[in-house]
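Take a look at the structure below.
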Amino acid sequence: MLQAIGVGTVEQLFDEIPADLRCGELNAIPKAMSEMEIGRLMDTRARQDGAAVCFIGAGAYDHHIPAAVWQLATRGEFYTAYTPYQAEASQGTLQLLYEYQSMMTAVTAMDVSNASLYDGASALAEAVLMAVRANRKSRSRRVLVPRTVHPHYRRVVRNIVHNQGVELVELPFDSTGGHIDPETLAAFAGEDIAALVIPQPNFFGVLEEVGLLTDWAHANKALIIALVNPVALALLSPPGEWGEQGADICCGEGQPLGAPLSSGGPYFGFLCCRQTLVRQMPGRIIGGTLDLDGKPGYTLTLQAREQHIRRSKATSNICTNQGLMVTAATIHMALLGPEGLERVAAACYDNTAWLVESLIRLHGVESRFDRPVFHERVIQLPVAAKGVLRALAAHNLLAGLDLSRDYPELGDNCILTCATERRTREEMESLTTKLERVLSLQGGVPCQLQPKEW
Amino acid sequence: MSLIYQHSRPGRRAPGQAPLAKGDTTAIPERFRRRVRAALPELSEMQVVRHYTRLSQKNFSIDTHFYPLGSCTMKYNPRGANQLAMLPGFLARHPEAPETHSQGFMACMYELQEMLKEVTGMQAVSLSPAAGAQGEFAGVAMIRAYHESRGDEARREILVPDAAHGTNPASAVMCGYQVREIPTDANGDVDVTALKTVLGPRTAGIMLTNPSTLGVFDRRIREIANRVHEAGGLLYYDGANLNAILGKVRPGDMGFDVIHMNLHKTFSTPHGGGGPGAGPVGVSARLQPYLPVPMVDRDGDDYRWLSESDCPESIGRLSAFAGNAGVLLRAYVYARMLGREGIPRVAEYATLNANYLLERLQELGYEAAYPERRATHEFIITLRRQARELGVNTMDFAKRLLDYGFHAPTTYFPLLVPECLLIEPTETEDKETLDAFLEVMGKILEEAKTEPELLKGAPHALPVRRLDDVRAARELDLAWSPSRDG
């Protein structure tokens, strides 16, 4: 090969790089390992982390994933293909994405879906930018974002949109219900608002009055951005049917549809909207069409919105999205079907209700909000959550998320707890018993138990 | 092929895939409830498995085909990396699990940060951006935070060469900047004379890819870096082409202040039919305070998270949790298996393969866009002569390649070379595959002369023939609906 090129050594191929810029050996990088050696190391590390029973939800949910989902998704033909730029050589991925878009519009009752964004948080940021672009009746760049939206999502949205002059206005929540009281919106009546974000369920697991909120926004010429859990939608009214006219944009985290917890990623963000807004949508969109012989096929479409065509005038900078996660989600939804998805949602609802009942029987343990929830609840402990969670973690029970950092107004004692369909009665009973013991040991004093040494 | 919906029959199920007991949901008030079930398909497990297995077979992929898609680095993705990232302990770790239950994962992330620092010559690395474009956003946002922290508000412009990826200008705009394009000179390098005229007190920074998307290494990079720095701007390195220089030259040593890497390219994590990627960012010392969170820090033998409260000047988080963690684990395994001795070999074989293809394609009669230049890990040929003389264009060549079982190179990018193919063979292809590709390229050139209709009507041997993109955009069909099949 060197001879064909006409050089003597491989080094000569780098002769256009100025010699004084060249680097030496990369000493800080360890020497090569064989597959067996790295396998041994990773096995040890994975075992270190994977021993706990998880009652944390807070945006990532521990659902059962049918065996076929990842066996199919990791087939080389899906796993090692790229963005379907050559449509004729990518009909597998393209048809699957079209089926995904169809399933997401069915679940959300919206007209159209894109082919995914990075995760729920960045999908919300893109939805906010999209709403500001799309709302022709509004001259403002103000978007109302309730404090019941996941605190990390609120930060991500701010971090992504603030350089584009979008103003995010925080809506407070009702301190007894844990929801947005529609009355609080009265303060904004008559003001120019581009969009209102409605989480359903909200970060506390509480159900929002989506119909009232949607109608208020539309009466005030604001668009509705629904932020939803797709599994919850098997039980709950879909955004396309909220209020008189339905939501305008719908987004959320796709992880509950077939993505393992996996330390927070890769997951995928979904984004759906009304047909009339489709040209403002960011990300890949797949369309059906015909080939030269009139045979149906699928292709990337509306590419004039995208960065590789429109460059600085694109609807977003997104290029690579989360195709493999969408592959898994599509197979996951096909395996569950409407009945299966509903059973998953109902089992989560039922388990969480059972767990909450069990926990609040303990002395001093209370449910913090009184409104209906889906599969998460804020639980108030008689002592600071931090020490209790540490003590329970030492028993390999992750009892929930400490809310004191993000919601100081709830005090130090509140945790957010979730029981998906994977949690067994035994695990929930064990959590209750261990919590009782920890509370009696602590008796309001700082934690005496230390987590296990690793 | 029929849609999954067309196999659906009311009431059919894969009952073992969902809880057998029906949960009691009667306490949910009526106004919150869904009235009509979602129109998802109803199928047996076997139907689902067969449908998606068959669909997969309609794809070209690295595992099945040579995939020389320029700028995308379609190299082999080691199966071991996938298996180890999917160990049950890693899959089960909740992103909010306490540090006591995360030390194994965090050790991998810390070591990956350290390895990426070394490979790029940067001072610090954050792994959190989810893909290259989000890494670009993070990089430009850090540049903006830096200027703002100095009260230097007049810097409103980001300079971008005309050959840049579309994500560069789009990312700059998302950070609130105006974009100014810089032309390329006749040899494919940034036009330094033109650059000098636009540099000034409004310059926030420049976004460069080196080697550029033209497949050549910009030889005047040090001069460019000096001039941009003298004007008060910062340099952003688009790591899309990092594969070309791995272990040979480092962006930090070239004078860049911030870089993103595409781990799904350079570190061989799967492209997954369009993601997930991972786009970690590395920075020089002056941008370190602004790195996105979370990051992993080491304190003796313990690893701990750095979040907003540890990094008050950070541009913050860009995803709900820690980015595409599972992708990062795959990249970690890949880097450990290559090791310090394997990393430079990546650039060597990638460059060798590209130069070999370039040389042999020219022998076959193809025209190189920059014949005087060395190819890096990729190169451009232009079919302008064939388009003019034979009436067949680049897309016709690309589609005909598919008939012969090769994925097409990138077409019509970069935009400044007419009728171009951007070809990136990667280091994982053997000589026999490259020779087979060359043989087909020779055949297609012959067909273009003798039977041009074969190219214009291509592909002929795929599941569908050429698809009507115009129809797809005009008569939008974006979702199946129950009414459609009657």
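Looking at region B:88-124, which of its residues are more than 30 Å from B:TYR236 (Cα to Cα), hydrophobic (A, V, I, L, M, F, W, C) and either in a strand (DSSP E or B) or open to solvent by 30 Å² or more (accessible area, probe 1.4 Å) (or both)?
Going through region B:88-124, the residues more than 30 Å from B:TYR236 (Cα to Cα) turn out to be B:88-104.
Those left that are additionally hydrophobic (A, V, I, L, M, F, W, C): B:90-92, B:97.
Selection gives B:LEU91, B:ALA92.
Looking at the structure I just gave you, is A:GLN303 facing another protein chain (nearest Cβ under 7 Å) and farther than 30 Å from A:HIS64 by Cα?
Considered against the rule, which asks whether it is facing another protein chain (nearest Cβ under 7 Å) and farther than 30 Å from A:HIS64 by Cα, A:GLN303 comes out as no.
Filter region B:26-59 for residues that are touching a strand residue (DSSP E or B) at 6+ places or on another chain (Cβ under 9 Å) and open to solvent by 20 Å² or more (accessible area, probe 1.4 Å); which is nearest to B:GLY274 (Cα to Cα)?
Within region B:26-59, the match that is nearest to B:GLY274 (Cα to Cα) is B:LYS58.
Filter region A:26-40 for residues that are surrounded by fewer than 18 Cβ atoms within 10 Å (Cβ to Cβ) and assigned to a helix (DSSP H, G or I) and give the result.
Selection gives A:GLU35, A:MET36, A:GLU37, A:GLY39, A:ARG40.
Anything in region A:256-277 that is at the interface with chain B (Cβ under 7 Å from one of its Cβ atoms) and aliphatic (A, V, I, L, M)? List them, or say none.
The one that is at the interface with chain B (Cβ under 7 Å from one of its Cβ atoms) and aliphatic (A, V, I, L, M): A:LEU261.
Hey, among B:VAL327, B:VAL283, B:VAL333, B:VAL293, which residue is crowded, with 24+ Cβ neighbours inside 10 Å, more than 7 Å from every other protein chain (Cβ to nearest Cβ) and under 23 Å from B:VAL119 (Cα atoms)?
Selected residue: B:VAL283, the only one of B:VAL327, B:VAL283, B:VAL333, B:VAL293 that is crowded, with 24+ Cβ neighbours inside 10 Å, more than 7 Å from every other protein chain (Cβ to nearest Cβ) and under 23 Å from B:VAL119 (Cα atoms).
Mind listing just one residue for me: the one in region A:282-297 that is over 25 Å from B:LEU416 (Cα atoms) and either touching a Pro at 6+ places or on another chain (Cβ under 8 Å) or open to solvent by less than 10 Å² (accessible area, probe 1.4 Å) (or both) and, of those, farthest from the other protein chains (Cβ to nearest Cβ)?
Of region A:282-297, the ones over 25 Å from B:LEU416 (Cα atoms) are A:282, A:285-297.
Keeping just the survivors that are either touching a Pro at 6+ places or on another chain (Cβ under 8 Å) or open to solvent by less than 10 Å² (accessible area, probe 1.4 Å) (or both) gives A:282, A:285-290, A:297.
Details: A:PRO282: 10, A:ILE285: 6, A:ILE286: 7, A:GLY287: 4, A:GLY288: 4, A:THR289: 4, A:LEU290: 5, A:GLY297: 4 Å.
Selected residue: A:PRO282.
Between a first residue in region A:53-73 that is on the phi < 0 side of the Ramachandran plot and a second residue that is part of a loop (DSSP other than H, G, I, E, B) and β-branched (Val, Ile, Thr), which pairs have beta carbons less than 8 Å apart while being 6 or more apart in sequence or on different chains?
Every condition considered, the pairs that remain are A:GLY57/A:THR420; A:TYR61/A:VAL231; A:TYR61/A:THR420; A:ASP62/A:THR420; A:HIS63/A:VAL231; A:HIS63/A:THR420.
Given the conditions (1) over 20 Å from the mean Cα position of the chain (by Cα); (2) open to solvent by 40 Å² or more (accessible area, probe 1.4 Å), and given that A:ARG158 satisfies all but one, which numbered condition is not satisfied?
(1)
Could you tell me how many of the residues in region B:63-101 are in contact with a Ser or Thr (Cβ under 8 Å, 6 or more places away or on another chain), more than 8 Å from every other protein chain (Cβ to nearest Cβ) and of a type in the set (D, E, K, R)?
So the answer is 1.
For B:GLU114, state whether it is within 30 Å of B:PRO169 (Cα to Cα), among the acidic types (Asp, Glu), at the interface with chain A (Cβ under 7 Å from one of its Cβ atoms) and out of contact with any helix residue (DSSP H, G or I) (no Cβ under 7 Å at 6 or more places or on another chain).
Against the criterion (within 30 Å of B:PRO169 (Cα to Cα), among the acidic types (Asp, Glu), at the interface with chain A (Cβ under 7 Å from one of its Cβ atoms) and out of contact with any helix residue (DSSP H, G or I) (no Cβ under 7 Å at 6 or more places or on another chain)), B:GLU114 qualifies.
For A:GLY92, all conditions in the list (1) assigned by TED's automatic domain parsing to the domain that holds A:PHE173; (2) in contact (Cβ under 8 Å) with a residue 24 or more places away in the chain; (3) farther than 27 Å from B:PHE137 by Cβ; (4) of a type outside the set (Asp, Glu) hold save one; what is the number of the exception?
Against the list (1) assigned by TED's automatic domain parsing to the domain that holds A:PHE173; (2) in contact (Cβ under 8 Å) with a residue 24 or more places away in the chain; (3) farther than 27 Å from B:PHE137 by Cβ; (4) of a type outside the set (Asp, Glu), A:GLY92 comes up short only on (2).
When A:ALA106 is evaluated against the numbered criteria (1) at the interface with chain B (Cβ under 7 Å from one of its Cβ atoms); (2) in contact with a helix residue (DSSP H, G or I) (Cβ under 6 Å, 6 or more places away or on another chain); (3) farther than 21 Å from B:ASN82 by Cβ; (4) open to solvent by 10 Å² or more (accessible area, probe 1.4 Å), which criterion, by number, is the only one it fails?
Checking A:ALA106 against (1) at the interface with chain B (Cβ under 7 Å from one of its Cβ atoms); (2) in contact with a helix residue (DSSP H, G or I) (Cβ under 6 Å, 6 or more places away or on another chain); (3) farther than 21 Å from B:ASN82 by Cβ; (4) open to solvent by 10 Å² or more (accessible area, probe 1.4 Å), the one that fails is (2).
Any residue at all in region B:72-89 that is closer than 25 Å to A:LEU26 by Cα, touching a Lys or Arg at 6+ places or on another chain (Cβ under 9 Å) and basic (Lys, Arg)?
Scanning region B:72-89, I find at least one residue that is closer than 25 Å to A:LEU26 by Cα, touching a Lys or Arg at 6+ places or on another chain (Cβ under 9 Å) and basic (Lys, Arg), so the answer is yes.
Anything in region B:268-307 that is of a type in the set (D, E, K, R) and assigned to a loop (DSSP other than H, G, I, E, B)? List them, or say none. Show your work before the answer.
Here is the first cut: in region B:268-307, the residues of a type in the set (D, E, K, R) are B:286, B:297-299, B:301-302, B:304.
Listed by number, the list holds a single entry, B:ASP301.
Determine whether region A:57-79 contains at least one residue that is under 30 Å from B:ASP302 (Cβ atoms), open to solvent by 40 Å² or more (accessible area, probe 1.4 Å) and outside the structural domain of A:HIS152 (by TED's automatic domain parsing).
First, the residues of region A:57-79 that are under 30 Å from B:ASP302 (Cβ atoms): A:57-62.
Those still in the list that are open to solvent by 40 Å² or more (accessible area, probe 1.4 Å) too: none.
Checking region A:57-79: not a single residue is under 30 Å from B:ASP302 (Cβ atoms), open to solvent by 40 Å² or more (accessible area, probe 1.4 Å) and outside the structural domain of A:HIS152 (by TED's automatic domain parsing).
The values are calculated or read from the model by the stated rules, or taken from the named source; none is laboratory data. All figures in this text were calculated on a predicted structure; none of them were measured in a lab. Every residue, glycine among them, receives a Cβ derived from its backbone with ideal geometry; neighbour counts consider all protein chains shown. These accessible areas exclude ligands, DNA and RNA; they are computed on the full protein's heavy atoms, side chains included. Shrake-Rupley method; radii C 1.70, N 1.55, O 1.52, S 1.80 Å.
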